[in-house]
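Quick notes on the structure that follows.
The values are calculated or read from the model by the stated rules, or taken from the named source; none is laboratory data. Note that the structure is a prediction, hence the values are computed from the model and not measured. Every residue, glycine as well, gets a Cβ built from its backbone with ideal geometry; the counts of neighbours run over all protein chains shown. We work out accessible area using only protein heavy atoms, side chains counted, and drop any ligands, DNA or RNA first. Shrake-Rupley method; radii C 1.70, N 1.55, O 1.52, S 1.80 Å.
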Amino acid sequence: MLDVFFSSIELQIMAVGALVGIASSAVGTFLVLRGNSMLTDAISHSIVFGIVIVWLLTHQQSGWFQLVGAALTGLLTVFLTELLANTKRVKQDAAIGLVFPALFSIGVLLLNLYANDVHIDTHTVLLGEIGFIWLDITTIAGYNVPQALVSMGIVTAVNYLFIILFYKELKLATFDPALAKTLGFAPSILFYALLMLTSTTAVAAFDAVGAVLFIAFAIVPPSAAYLLTDRLWLMFLIGAFISVASSVTGYYLAVRWNVSIGGMMAVMTGAFFVLAFIGGPRYGIVSQKIRRMNARRANAL
Amino acid sequence: MQWLSIFHDYTFQNVVIGAALLGLISGPLGSFAVLRRQSLLGDAISHAALPGVCLGFIIAGSRQMGSIIVGAMVTGALAALLMLALTRMSRLKTDASIGICLSIFFAIGVVLLTYIQGSNNASQAGLESFLFGQAAATLRSDLWLMGGITLFSLTLLSVLWKQAKLVTFDPEFAHTLGLPVSLIEVLLTTMVTLAVVVGLQMVGVVLMAAMIVAPAVAARQWSRHLGAMVFIAAGVGVVSGVSGASISALSRGLATGPLIILSASIIVLLSLAIAPQRGLLWGLLQHLSQQSQLRRRQILYTLYKTQSTRDQESHGLPFRLNFSAAVALWQLRQRGLLVSQKTNRLPMLAGRRWSLTSLGVREAQSVMAELNGKIT
């Protein structure tokens, strides 16, 4: 069984895609519920800045330095956004729209300046290529394993460990931050921890899917789940299920049409979202319409 | 004066004119987006232009600016409408709807981009430049197109001026007046698409968000009136476009788009700092001047109170002598409210005996009268 998995590039690519989805939809769930999901957009763009800076300082393109650097960049983005918003001269959403393009621009300009010795170009920064994970392999217990699979596995485990450990606190801080504060749970520290996890997930997913497609994996599955259920734990399950389903279907469609695998996986999350939006049992537009028609009929009687 | 020759350079002229046009259109349209709290919608629309660019290419079969612009406008507008529909028809919040539209449309764009690359069309090279823009590739014919779009949207905006203003600030009142509020809202939202297509060539789909937000935010600091704000935003947009393009031309190999965005960001920071009334620097100065006025009044008050009851000679100054107190003492002496005598017990200011002049006594009395009036 393991032999089959580790000798099949196909299965491993799908597994990486699914793990990207599972890890990012786990943190994305809280951001969608809090109404902060565009922070993933800001973070995923500005980690380009972090990656270039860490590269210039340490000349390492992946590994622990990059993860820590990304986490710090994510925090920097959120910190700058809050700083701007706290001046009361700029609204929160406009602040996001100011901070990340500025950081992203600095990152791109640094890439321009040092383009000769940096291996990352702006193309991979934005798009990534999940099909190339096979180029970067490590050996674990006699098996050749893509680096991306290992790092995504670790990130997924860390995310879920955090969520399981602080489940009650996160739940309270998400749905009633005021109460969480009075009870002494420091919701803002939890929130910052969550954003650090989001940034590390983004940088781990970076090689596979790039900066922009990460947003799809972080926001779309939780949003679809939000239209399907009222239970928080079920949102994680549905999000994970959609991630797995879209990476499998996305992979086969991409191979069939010879297009970007990561892109197709992201498109498939969108397809599942549309299904949930239209046909969801309670909040889907079809059932809403049926309920409204029934109500009208009942009124007419 | 060799660098002056750059102004006669054909490419440079094109780039600067294009960047100026981009600033001219994105400032005014962005003002409405920012005031209507739709700053990030510009981000979604610009990302959503990518599949349109690809579709335009596929349909036209070559890198033709006209069809690419039409494609970008169609998918951009589609994304904006879908986002409005998602917020209205489901229980998702605005941010999630924007994020969904942004990422899914961009993903479709990536898929189409790789599809075109797979189809081995020789002219597909450079399609990727729409991600970050490729200002240097701007042609004169592109400029006419961009200029036309700019002129059209600014005209539309001035025709709809009153309605747009009302819908932006008081949609409910506009509704009671019988204005087609949703239509105008949809129009204002989809017009951002026009700014995005002008920016395609200059800054690309990824950085366009900042061109919508930054000039408007900068302009908002300088004016409280919509009309002035729109004009200032256009000005800020033009200045950042031109300066970004010029820096890019003078430095070799620095991308134009990011430089335009950074120029705009710097103007935003300056505006936040020094704009009259709203600027953070003025606020700080006002705070400091209030603080020092309070300090002066405290000193007058304590001196007036202690002059009759205690002897400064034996007890020293009746307040702690720190920096701000020293400044206040100096200021009061300059204004002739205080006089001091050396007593030699301590060095510097602390070694002096301070007393009010008759002018100072009157001032202190008026301070006390004001305080009493406020207390009772």
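So the values come out like this:
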read-out: Charge dipole magnitude, Cβ of K and R +1, D and E -1 - segment A:206-301, Cα centre, debye nearest 20; value: 680 debye
read-out: Length-normalised contact order for segment B:102-231 - Cα pairs under 8 Å, 6+ apart - percent; value: 32 percent
read-out: Accessible area in the full protein assembly, largest first, 1.4 Å probe, for A:236, A:79; value: A:79, A:236
read-out: Square roots of 5 times each gyration tensor eigenvalue, C-alpha, segment B:161-236, largest first, Å; value: 25, 17, 8
read-out: Hydrodynamic radius of the protein assembly as shown per Kirkwood, over alpha carbon pairs, in Å; value: 27.8 Å
read-out: Globularity index of segment A:257-301, i.e. its alpha-carbon radius of gyration over 2.2 N^0.38 Å; value: 1.82
read-out: Longest site-free stretch - chain B; sites: trypsin sites (Lys or Arg not before Pro), DSSP loop, at most 16 other Cβ within 10 Å; value: B:92-223
read-out: Alpha-carbon centroids, segment B:229-253 and segment A:253-298: separation in whole Å; value: 43 Å
read-out: Structure-based [θ]222 nm, chain B - -39500 (n - 2.57) summed over DSSP H runs of at least 4, per residue, nearest 500; value: -25500 deg cm²/dmol
read-out: Cα-centred dipole magnitude for chain A, charges only on beta-carbon of K, R (+1) and D, E (-1), debye, nearest 20; value: 1660 debye
read-out: Shielding of A:35-41 by partner chains, average beta-carbon count, 10 Å; value: 6
read-out: For segment B:131-271, size of Cβ-based charge dipole, Lys and Arg +1, Asp and Glu -1, in debye; value: 300 debye
read-out: Sites residue A:161 and residue B:228 - FRET efficiency at Förster radius 51 Å, r taken between beta-carbons, to 0.05; value: 0.40
read-out: For chain A, the longest site-free run once trypsin sites (Lys or Arg not before Pro) in DSSP loop states with at most 13 other Cβ atoms within 10 Å are removed; value: A:89-230
read-out: FRET E, pair residue A:58, residue B:9, Förster distance 51 Å, beta-carbon r, rounded to 0.05; value: 0.80
read-out: Pairwise centroid distance, computed over Cα atoms, of segment A:86-108 with segment A:163-232, Å; value: 21 Å
read-out: In Hz, Karplus ³J(HN,Hα) per residue of segment A:86-100 (6.51, -1.76, 1.60; θ = phi - 60°; x = Gly, Pro); value: 6, 6, 6, 9, 10, 6, 3, 5, 5, 4, 4, x, 8, 6, 5
read-out: Amide H within-cut-off set for residue A:145, under 5 Å, with H built and near neighbours excluded; value: A:138, A:139, A:140
read-out: Heavy-atom accessible area, 1.4 Å probe, ligands and nucleic acids excluded: residues of segment B:254-270 down by at least 30 Å² from chain alone; value: B:254, B:258, B:262
read-out: Under Karplus coefficients 6.51, -1.76 and 1.60, residue-wise ³J(HN,Hα) of segment B:214-221 in Hz, glycine/proline x; value: 4, x, 5, 5, 4, 5, 4, 5
read-out: Gyration tensor verdict on chain A (Cα atoms; rounded if a/c is under 1.5, prolate if a/b is larger than b/c, oblate otherwise); value: oblate
read-out: Computed over chain A: relative contact order in percent, which uses C-alpha pairs under 8 Å that are six or more apart; value: 28 percent
read-out: Distance between modelled label sites at residue A:150 and residue B:269, nm, 7 Å Cα→Cβ extension; value: 4.0 nm
